[in-house]
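The structure appears below as structure tokens.
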Protein chains: 2
Amino acid sequence: MPASTKLGTGRRGELLTLACHLFAERGFQATTVRDIAEAAGILSGSLYHHFDSKETMVDEIIRTFQDELFTEYDAIMAMDLGPREKLAAVIATSFEAIHNHRDAVAIYQHESKYLQQFERFSYLIERNKQYRDILMSLLAEGVSAEVFREDLDVEITYRFIRDSVWVAVGWYHPERGLAASEIAERYLGIVLDGISRK
Amino acid sequence: MPASTKLGTGRRGELLTLACHLFAERGFQATTVRDIAEAAGILSGSLYHHFDSKETMVDEIIRTFQDELFTEYDAIMAMDLGPREKLAAVIATSFEAIHNHRDAVAIYQHESKYLQQFERFSYLIERNKQYRDILMSLLAEGVSAEVFREDLDVEITYRFIRDSVWVAVGWYHPERGLAASEIAERYLGIVLDGISRK
DNA sequence: GTCTATACGGCGATAGAC
DNA sequence: GTCTATCGCCGTATAGAC
């Protein structure tokens, strides 16, 4: 499946996909409405027939992506698995999201801090909390269940996993390398067992 | 030592420190020369008595920081230590850089990709190569010396360490938590031995 | 659904007075 | 070393014709 396919159908969806690609590549602020219009072969004024503003575009892109992603996380959390297996599934799902929605992940990764300052994007803060709850609860549960080290710093480990997974969007390009599932597996190998020889 | 202290003395250094802070907080593009001037209590035109352009400012900030950082890396690589100890020292030095030069690290972290497109900042690409050489050689040496796992994916591990160390600038604030050396130690605990209970 | 034309503001940068 | 004043450009967004 190509990246970023679910941004709606028709002309609106097409324009959103183009915008998504440009936002991911150049950054939200650095991408002008004229850039987006040019990529679509129209003039900037015509964009406003489809969207209220540039902010509306990025809003819709991020919302669509996050709604799908967290639906998948919820499904994993509802499964009858141990914390180690759930953590593995969450991480695998994250790498698959990078695979399937690379542009949207990149936008979220790079523009989230900037966009959070606007009321309109307050849901980004909610989603951050939700993601934090997922990872922290899995880590804590894993420590209790004695599958993770008893001296694990849950807070630092959470941040460490969160950051190191999502920044992979900066270098992971499935078409020129490993599949998402293989990357996830190797990543898990490091996080779970470390790089030291036993 | 407070963050970002070595940006020169006198008025020029003061202005650079202010700019450094704003660039780190709001981003390079989102920070206007008027913002910087206002923070300094002067008008935007007056800035041009000290600097050619906004680009000159960020250039000087990044160069100063990187020159110091890589001097430290070079010193570590020249020491008579094994790969595991050198890796530990490189990582500890990186966390100390986040501690001592948080703003400069944030700027490098967030603006590097954007700035690299200008010839003026081609040294950023050189520095990336240099950093990659340091980590990759340590990892490869560690595998040969049988201190790291023989099946280690050196390329992925390099990216993983690079990314996860530097993104810590987004959340690590020494004044409200652990010292840099303690963070480095816990980080190393995860990377070297993983989170699984043995 | 797109174009023409344009408003309006903020941007980086400059020249010369003080 | 700073201020006054301003230039020229480009940003988002709008109104109305086609």
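The values are calculated or read from the model by the stated rules, or taken from the named source; none is laboratory data. Fair warning: this is a prediction, and the values are worked out from it, not measured in the lab. Note that we place each Cβ from the backbone using ideal geometry, even for glycine, and neighbour counts take in every protein chain shown. With ligands, DNA and RNA removed, areas are computed over all heavy atoms of the protein, side chains included. Shrake-Rupley method; radii C 1.70, N 1.55, O 1.52, S 1.80 Å.
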Looking at the structure I just gave you, is A:Y123 modelled with pLDDT of 95 or more, open to solvent by less than 50 Å² (accessible area, probe 1.4 Å), among the hydroxyl-bearing types (S, T, Y) and out of contact with any helix residue (DSSP H, G or I) (no Cβ under 7 Å at 6 or more places or on another chain)? yes
Test B:L192 against the criterion of being in contact with a strand residue (DSSP E or B) (Cβ under 7 Å, 6 or more places away or on another chain), at the interface with chain A (Cβ under 7 Å from one of its Cβ atoms) and in a helix (DSSP H, G or I), and give yes or no. yes
Out of the residues in the stretch A:9-41 meeting the condition of being assigned to a loop (DSSP other than H, G, I, E, B) and open to solvent by 50 Å² or more (accessible area, probe 1.4 Å), tell me which one is nearest to DNA strand C (Cβ to nearest atom). A:G41
Search result, residues across the stretch A:42-55 that are open to solvent by 40 Å² or more (accessible area, probe 1.4 Å) and either more than 23 Å from the chain's Cα centre (by Cα) or within 30 Å of A:E141 (Cβ to Cβ) (or both): A:I42, A:L43, A:G45, A:S46, A:Y48, A:H49, A:H50, A:D52
How about the stretch A:1-54: which of its residues are more than 8 Å from DNA strand D (Cβ to nearest atom), under 28 Å from B:S112 (Cα atoms), among the charged types (D, E, K, R) and away from every other protein chain (no Cβ under 14 Å)? A:E38
Pick from the stretch A:147-162 the residues that are open to solvent by 20 Å² or more (accessible area, probe 1.4 Å) and outside any loop (DSSP other than H, G, I, E, B): which of them is nearest to the other protein chains (Cβ to nearest Cβ)? A:R159
For A:Q109, the lone unmet condition from (1) under 18 Å from B:R186 (Cβ atoms); (2) at pLDDT 95 or above is (1)
Please specify each residue of the stretch A:56-73 satisfying the condition of being closer than 14 Å to A:L16 by Cβ and open to solvent by 60 Å² or more (accessible area, probe 1.4 Å). A:R63
Please tell me if A:Y187 is closer than 30 Å to A:L18 by Cβ and either in contact with a His (Cβ under 9 Å, 6 or more places away or on another chain) or at the interface with another protein chain (Cβ under 9 Å from one of its Cβ atoms) (or both). no
Residues A:Q130, A:Q117: which one is more than 24 Å from B:R159 (Cα to Cα), modelled with pLDDT of 95 or more and either out of contact with any His (no Cβ under 9 Å at 6 or more places or on another chain) or among the aromatic types (F, W, Y) (or both)? A:Q130
Looking only at the stretch B:166-184, and only at residues there that are open to solvent by 50 Å² or more (accessible area, probe 1.4 Å) and in contact (Cβ under 8 Å) with a residue 60 or more places away in the chain, the one that is nearest to the other protein chains (Cβ to nearest Cβ): B:G170
Which members of the stretch B:98-111 meet the condition of being crowded, with 23+ Cβ neighbours inside 10 Å and part of a helix (DSSP H, G or I)? B:I98, B:A104, B:V105, B:I107, B:Y108
If we scan the stretch A:74-92, do we find a residue that is within 15 Å of the chain's Cα centre (by Cα), surrounded by fewer than 18 Cβ atoms within 10 Å (Cβ to Cβ) and in contact (Cβ under 8 Å) with a residue 12 or more places away in the chain? no
Somewhere in the stretch B:139-146, is a residue of a type in the set (S, T, Y) and closer than 28 Å to B:L18 by Cβ? no
For the condition assigned to a helix (DSSP H, G or I), among the aromatic types (F, W, Y) and under 21 Å from the mean Cα position of the chain (by Cα), what is the one hit in B:Y131, B:Y172? B:Y131
Evaluate the stretch B:133-146: report whether one residue or more is more than 10 Å from chain A (Cβ to nearest Cβ), open to solvent by 10 Å² or more (accessible area, probe 1.4 Å), within 24 Å of A:E25 (Cβ to Cβ) and polar (S, T, N, Q). no
